[in-house]
1. How much length is gained on full extension from Glu80 to Tyr98, taking 0.36 nm per residue of separation minus their Cα-Cα distance?
2. Which number do you get for Rg(Cα) / (2.2 N^0.38 Å) in the range 71-155?
3. May I ask you to list the residues of the range 103-134 whose amide nitrogen lies under 19 Å from a point 7 Å from Cα along the Cα→beta-carbon direction of Glu159?
4. Assuming 0.36 nm per residue, please report the length gained on full extension of the stretch Leu39 to Lys231 beyond their Cα-Cα distance.
5. Using Cβ contacts closer than 10 Å as the measure, can you line up His81, His125, His68 from fewest to most?
6. Take Asp139 and Lys7, extend 7 Å from each Cα along the Cα→Cβ direction, and tell me the distance between the two endpoints in nm.
7. Using the Cβ atoms and a cut-off under 11 Å, what net charge is assigned to the surroundings of Val3, where Lys and Arg are +1 and Asp and Glu are -1?
8. Bin all alpha-carbon pair distances of the chain at 10 Å intervals from 0 and give each bin's fraction as a whole percent.
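Every number in this text was worked out from the coordinates using simple rules, so none of it is lab data. It should be emphasised that the depicted structure is a prediction, and the values quoted were computed from it without experimental measurement. No Cβ is skipped: glycine too gets one built from the backbone with ideal geometry, and neighbour counts run over all protein chains shown.
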Amino acid sequence: MSVRLQKFLAEAGAASRRGGEQIILEGRVSVNGQPVRLLGSKVDPLHDRVTLDGKPLRVKRKLYLALHKPRGCVCSRSDEHLRPTIYDLLPAEWSEVYSVGRLDYETEGLIFLTNDGEFALRLTHPRYGVRKKYIATVDGRVDGELTGQLVRGVYHEGEKLRAERAHIVSATPSRSVVELELSEGKNREVRRLFESQGRTVKRLQRIQIGKIKLGQLRPGKWRTLTEPEIKSLLG
């Protein structure tokens with residue numbers, strides 16, 4: 001199946017789509033030995049030989065992983081405090097993947113990793129509104145008035161935050177469990193929502209992204225996403 005040359009260059013890791021346009025115009029890309037300077041040209045990744053500055057290019061195999069991030073590790077490649085990272089949990093040959101968004105050090109639960117930039121953008125950019133579901137254990141009793149406020153929206157450090165949905169799972173005078181659904185993915189959003197109401201989140205777990213649930217995946221374990229799962233996230 002033919003694809004635009006700019007897309008091929010991006011999927012081969014040679015350049016962004018915009019950067020690909022520039023190197024095509026510069027005459028640095030050849031298809032089957034012939035320089036191509038026409039934007040919008042198409043190639044067959046399976047049969048055409050594409051080179052950049054004389055070096056052959058190949059589309060990288062796309063990887064899509066679901067990981068149960070444990071509490072007490074970071075989503076960075078390396079950490080100045082030498083804390084464990086989620087990449088320590090993956091096979092060495094998958095060093096090219098990166099996390100789709102982040103979970104903070106104390107937060108656990110579902111996170112995706114990929115080497116597909118478009119997939120990552122689709123899941124993280126607010127305009128797509130991919131919903132994420134969390135379970136928060138909070139100090140004190142949470143009531144309907146408080147959860148209603150979280151859905152209406154609050155201000156924290158000059159930024160408006162809101163949950164799409166907030167449901168009380170259980171509540172006692174000392175401890176409450178609340179399920180929340182969010183669509184924007186702002187930094188530490190769940191913790192900040194409760195901080196705005198004078199409450200502290202004691203435990204936080206992300207249990208679902210789009211239609212994909214954490215399910216029985218154990219902490220520190222990963223699995224590949226299936227084709228139907230990938231399509232459901234992109235659809």
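1. Details: separation 18, 0.36 × 18 = 6.48 nm, distance 1.83 nm.
Value of the extension gain: 4.6 nm.
2. On the way: Rg = 16.4 Å, N = 85, 2.2 N^0.38 = 11.9 Å.
With N residues counted in the range 71-155, Rg over 2.2 N^0.38 Å equals 1.38.
3. 103-108, 121-134
4. 66.3 nm
5. Values: His81 6, His125 12, His68 22.
Ascending Cβ contact count within 10 Å gives the list His81, His125, His68.
6. In this crude label model, Asp139 to Lys7 measures out at 5.2 nm.
7. Numbers: positive: Arg4, Lys7, Lys42; negative: Glu11, Asp44, Asp48.
Local charge sum for Val3: 0.
8. 7, 26, 27, 20, 12, 6, 2, 0
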